[in-house]
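Colleague: Got a structure here, written out as structure tokens. Questions coming.
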Amino acid sequence: MNEKRILQLHVNGDLYEVLCAPNTTLLEALREKALLTGTKRGCDLGACGACTVLMDGQAVLSCLTLAVDAVGRKIRTIEGIAENGELSLLQKSFVDHGALQCGFCSPGFIMSATELLAENPKPTRKEIQRKLAGNLCRCTGYIKIVEAVEIAAAKIAGGAS
Ligand code: FES
Ligand code: FES
């Protein structure tokens, strides 16, 4: 039962048909089959959060998710976060407030924070810190990342989109 088969994955509103083995992870399917390389492979062990994507709106670690379990679900990756060709408010906030340096961790942080703001548009600093606790960054020291999420949340609460 190790045969590869074609899986249909719905990613960012598009349909991808990808040839996967039973043990192909969603991360591998996205990066190596669908060629959506915005989602990053850090540890491949569930420890760094770099591979975070949304599955039916919930943040999941794509390195710990089998591609076959993503069939029939709506997957959103960092490539699907921009709105009408423009960076999302959260993405702009990361850029404008120095919340990224090398940028390797940024897709994972932005996916986690996107889920947070969808569920809780007015998070406290503690709630932001708790939500992002599973995402690791080796460059920024985290403070600017948390501030960027706070600033984006304040703008959204103020009616910006
Ligand atoms: S690559 Fe998935 S958690 Fe690190
Ligand atoms: S900006 Fe480099 S790891 Fe976070």
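Colleague: Using Cα pairs closer than 8 Å and at least 6 residues apart in sequence, work out the relative contact order for the range 93-157, in percent.
Modeller: On the way: 57 pairs, mean separation 32.7, N = 65.
Reported as a whole number, the value is 50 percent.
Colleague: For the range 1-95, what is the charge dipole size about the Cα centre, in debye to the nearest 20, if Lys and Arg each add +1 at the Cβ and Asp and Glu each add -1 at the Cβ? Let's see the in-between values first.
Modeller: Numbers: 10 positive and 11 negative charges, 23 e Å.
Dipole size: approximately 120 debye.
Colleague: Given GLY159, VAL18, CYS43, which one lies farthest toward the positive end of the charge dipole of the chain, if we put +1 on the Cβ of every Lys and Arg and -1 on the Cβ of every Asp and Glu?
Modeller: Towards the positive end, the residue furthest out is CYS43.
Colleague: Another question, if that's okay. If r is the Cβ-Cβ distance from LEU64 to ALA160 and R0 is 35 Å, what FRET efficiency results, to the nearest 0.05?
Modeller: Details: r = 34 Å, r/R0 = 0.98.
So, using R0 = 35 Å, E works out to roughly 0.55.
Colleague: For the range 5-80, what is the relative contact order in percent, using Cα pairs closer than 8 Å and at least 6 residues apart in sequence?
Modeller: Working: 150 pairs, mean separation 28.6, N = 76.
RCO, the range 5-80: 38 percent.
Colleague: Suppose only helical runs count, i.e. DSSP H with n ≥ 4. What mean residue ellipticity at 222 nm does that imply for the chain under -39500 (n - 2.57) per run, divided by all residues and rounded to the nearest 500 deg cm²/dmol?
Modeller: The helix contribution divided over the chain gives -8500 deg cm²/dmol.
Colleague: Remind me, relative contact order of the chain in percent, using alpha carbon pairs under 8 angstrom and six or more residues apart? All intermediate terms of the calculation are to be shown ahead of the outcome.
Modeller: Numbers: 278 pairs, mean separation 35.4, N = 161.
Reported relative contact order: 22 percent.
Colleague: While we're looking at this one, here's another question. May I ask for log10 I(q)/I(0) of the range 48-122 at q = 0.17 Å⁻¹, from a Debye sum over the Cα atoms as equal point scatterers with solvent left out?
Modeller: -0.65
Colleague: A further question on this structure: Give the separation of the Cα centroids, the range 1-67 to the range 124-161, in Å.
Modeller: About 25 Å separates the Cα centre of the range 1-67 from the one of the range 124-161.
Colleague: What list of whole percents do you get for P(r) of the range 5-80, with Cα-Cα distances grouped in 5 Å bins up to the one holding the largest distance?
Modeller: With a bin width of 5 Å, the distribution comes to 3, 19, 33, 29, 13, 3.
Colleague: In vacuo Debye scattering of the chain, one point per C-alpha: log10 I(q)/I(0) at q = 0.16, 0.20 Å⁻¹?
Modeller: Taking Cα atoms of the chain as identical point scatterers yields -0.86, -1.25.
Colleague: Continuing with this model, one more query. What fraction of the Cα pairs in the range 103-161, stated in percent, has a spacing above 16 angstrom?
Modeller: Values: 600 of 1711 pairs.
Counting every Cα pair in the range 103-161, those more than 16 Å apart make up 35 percent.
All of the numbers you see were taken from the coordinates with simple rules; none came from a lab. Values in this document were obtained by computation on a predicted structure and should not be read as measured data. Every residue, glycine among them, receives a Cβ derived from its backbone with ideal geometry; neighbour counts consider all protein chains shown.
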